[in-house]
Amino acid sequence: MVQAISTSSCCNILFSKSHRSTFPHSLHRFNHYSPSFAHRISTGVQRKAVELPLPETVTQQVQNKEQRKTQFAIENLTSWLLKQELAGNIDAELTIVLSSISLACKQIASLLQRSSIINLTGGQGTINVQGEDQKKLDVISNELFCNCLRSSGRTGIIASEEEDIPVAVEETYSGNYIVVFDPIDGSANIDTALTTGSIFGIYGPDEQCLIDLDDTSTLDQAREKCIINVCQPGRNLLVAGYCLYSSSVVFAISLGKGVFAFTLDPTYGEFVLTHENIKIPESGKIYSFNEGNYDLWDDKLKNYLDHLRQPGSNGKPYSGRYIGCLVGEIHRMLLRGGIYGNPKNKNSKNGNLRLLYECAPMSFLIEQAGGTAIDGVQRILDIVPEQVHQRTPIFIGSPDEVQKLQKYLA
């Protein structure tokens, strides 16, 4: 007897091999049968229903393909910047400036990793405008930054911690952007291979500042114009960022629409997006102050720090961490939360950190991540610099932690 297997229209009808000869040969090529034909062959025939699984739908196949693709998809800094340009967040000139900064950071990272091997540790034997002894890599890193920015052809003014005054790029290579930077933050850590970093901020000038190097009669006027253009409050920043040199090299940046971090892949020398739209925790259990200066601080701040050292509701006090590198402190804070402070003291009435190229860019980043940055009285980004190398106290970190500090300082 022929055994027919009745299935859904998407499946084949199968026949027993022994009775296949009773049907025309051409019928065996059919995959789907009409109802009338199925009725005719089922007369007097035992039928058995079989459940067969349906194949994956086209949608499922596409979704699985996209999932497999995203496992290997990598977005580097260059492609991310191009996307931001297409979205209208930056223009093509700013893209070039940022690419030149990232190149300088790669070069500095390479020198730091080989500093002991190629004899780049120790002092340069010179003193910068702040009266600080310069390390060899302070000078070299400053030159790297300046050369990369000049060669971009999009930078008009350069202001650095290592330069006495802002440098106006020669007219031949000049652009419209003002770039302020600290080429090596935490340079005291270089000789012991500890964390260091670079900090940068980018402003758009009110008017272009150009210097004709042959026209010495107008040099002072041009310099004055440069200083005026550079001394802008942090709220005017277009872009701010840092590069961390540690166990990994991390390039963090904000265009005013969140904070993004890229980690250098040494395999092919590209910064790869690893932290997207970073949000600082609302609170944290880490505080970072140089407590060697404790006796030089005012009593209100001392009371605050004494409170942090007391066990909390969980029976544990805050943890004290101090790296000696602002970039390292801010990077940890963005990911873990907490508070960092560099207050004024009896010996440093205005604090130790520079407003223009340290405090303002870092405050811009922290606020973009949802944090707070103050000098103890006002918002850091609202301070208008009167001098290029002006210093300021700073308290920066998770909003709840800074708010707690303000209650003690009030």
> Does at least one position in the stretch 124-139 carry a residue that is at pLDDT below 95, in contact with a Leu (Cβ under 8 Å, 6 or more places away or on another chain) and on the phi < 0 side of the Ramachandran plot?
Replying inline: yes
> Across the stretch 70-90, what is the number of residues that are part of a loop (DSSP other than H, G, I, E, B) and either in contact with a helix residue (DSSP H, G or I) (Cβ under 7 Å, 6 or more places away or on another chain) or among the hydrophobic types (A, V, I, L, M, F, W, C) (or both)?
Replying inline: 5
>> Looking only at residues that are crowded, with 18+ Cβ neighbours inside 10 Å and of a type in the set (S, T, Y) in the stretch 338-396, which one is farthest from I199 (Cα to Cα)?
In response: T372
> Out of I74, I117, I96, I157, which single residue is open to solvent by 60 Å² or more (accessible area, probe 1.4 Å) and modelled with pLDDT under 90?
Replying inline: I74
> Filter the stretch 281-295 for residues that are open to solvent by 50 Å² or more (accessible area, probe 1.4 Å) and of a type outside the set (D, E, K, R); which is nearest to the chain's Cα centre (by Cα)?
Replying inline: S283
>> Looking only at residues that are assigned to a loop (DSSP other than H, G, I, E, B) and touching a helix residue (DSSP H, G or I) at 6+ places or on another chain (Cβ under 7 Å) in the stretch 282-304, which one is farthest from G337 (Cα to Cα)?
In response: F289
> Scanning the stretch 158-187 for residues that are among the aliphatic types (A, V, I, L, M) and more than 24 Å from the chain's Cα centre (by Cα), which turns out nearest to P385 (Cα to Cα)?
Replying inline: I165
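Residue-wise test of (1) assigned to a helix (DSSP H, G or I); (2) under 24 Å from the mean Cα position of the chain (by Cα).
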{"position": "D306", "(1), (2)": "yes, no"}
{"position": "G315", "(1), (2)": "no, no"}
{"position": "Y322", "(1), (2)": "no, yes"}
{"position": "R332", "(1), (2)": "yes, yes"}
{"position": "G341", "(1), (2)": "no, yes"}
{"position": "K344", "(1), (2)": "no, no"}
{"position": "Y357", "(1), (2)": "yes, yes"}
{"position": "A360", "(1), (2)": "yes, yes"}
{"position": "Q387", "(1), (2)": "no, no"}
>> Residues that are more than 20 Å from L77 (Cβ to Cβ), open to solvent by less than 60 Å² (accessible area, probe 1.4 Å), among the hydrophobic types (A, V, I, L, M, F, W, C) and more than 20 Å from the chain's Cα centre (by Cα): does the stretch 123-136 have at least one?
In response: no
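The values are calculated or read from the model by the stated rules, or taken from the named source; none is laboratory data. Owing to the predicted nature of the structure, the values given are computational and were not obtained by experimental measurement. All Cβ positions, even for glycine, are placed from backbone atoms using ideal geometry, and neighbour counts span all protein chains on display. Accessible surface is based on the protein model in full, side chains and every heavy atom, while ligands, DNA and RNA are left aside. Shrake-Rupley method; radii C 1.70, N 1.55, O 1.52, S 1.80 Å.
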